[in-house]
């Protein structure tokens with residue numbers, strides 16, 4: 001199903017968003033170019049379900065996780081053990097996968113370091129660039145239409161193409177904590193961008209995007225963009 005005019009990508013309505021995401025990951029891995037497979041992870045309850053499904057398939061799916069570099073598309077500026085940490089979410093949802101991965105590259109440093117300190121965004125951008133590109137960027141969409149940690153009206157929406165990662169915060173204070181995030185430029189370099197959206201709380205945002213609203217999620221581009229949504233998030237697409 002095609003999206004609204006001006007919004008990149010294919011829209012897939014799925015009964016099970018997590019299973020559809022895991023299927024898309026397996027297809028993308030099968031199409032890899034032969035080098036290590038680079039994946040940027042997300043946060044939130046939908047992402048947790050997606051990663052739990054990948055973990056459930058561990059050992060039986062067609063992904064060799066020892067050939068996968070795991071990164072993050074955005075992160076809250078908290079220690080890795082904090083309950084708000086996207087790294088912590090992934091480590092709890094798919095522990096065997098993180099243990100098996102070729103490398104695990106959190107956006108923020110471990111305990112004892114200043115999360116999102118000066119130069120951290122630039123350093124992570126250099127890490128992303130050094131890997132030779134991202135194969136998959138996984139994103140969610142917030143009720144306000146944000147994606148990654150790119151919030152409506154925030155400074156990170158308008159940055160030069162050379163900047164892949166930025167520090168950012170929500171000027172409307174709907175989303176607490178300062179963040180580090182891939183920019184639109186960082187997301188755009190991915191071969192596949194998958195946005196997973198589930199639940200009625202996201203319905204207004206998706207309806208607004210369908211109707212042409214200029215929300216951060218509507219600006220996402222990549223080599224291929226796939227929106228996987230459920231019936232509650234997009235009742236108009238059912």
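The figures follow:
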| read-out | value |
| --- | --- |
| Antiparallel bridges, percent of DSSP beta bridges restricted to region 10-237 (to nearest 5) | 25 percent |
| Taking 188, 32, 56 and counting other C-beta atoms within 10 Å, the order from fewest to most | 56, 32, 188 |
| Modelled FRET efficiency - R0 30 Å, residue 118 with residue 221, Cβ distances, 0.05 increments | 0.55 |
| Fewest-first sequence of 193, 165, 220 by Cβ atoms within 10 Å of each Cβ | 220, 193, 165 |
| Approximate spin-label separation residue 33-residue 82, in nm, with each point projected 7 Å along Cα-to-Cβ | 3.6 nm |
| Exposure proxy order (Cβ contacts within 10 Å, fewest to most) of 81, 181 | 81, 181 |
| Principal axes of region 135-238: Cα extent on each, largest first, Å | 39, 32, 22 |
| Whole-number percent relative contact order across the chain, with pairs defined as alpha carbons under 8 Å at least 6 apart | 25 percent |
| Span from the region 9-54 Cα centroid across to the region 128-198 one, whole angstrom | 17 Å |
| DSSP-defined antiparallel bridges as percent of all bridges, region 163-238, nearest 5 | 40 percent |
| For region 188-238, alpha-carbon Rg over 2.2 N^0.38 Å | 1.14 |
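Every read-out reported here was derived from the displayed coordinates using simple, explicitly stated rules and does not represent laboratory data. The model shown is predicted, which means the values in this text are computed figures rather than measured ones. When we count neighbours, we look across all protein chains shown, and the Cβ atoms used for this are built from the backbone with ideal geometry, even at glycine.
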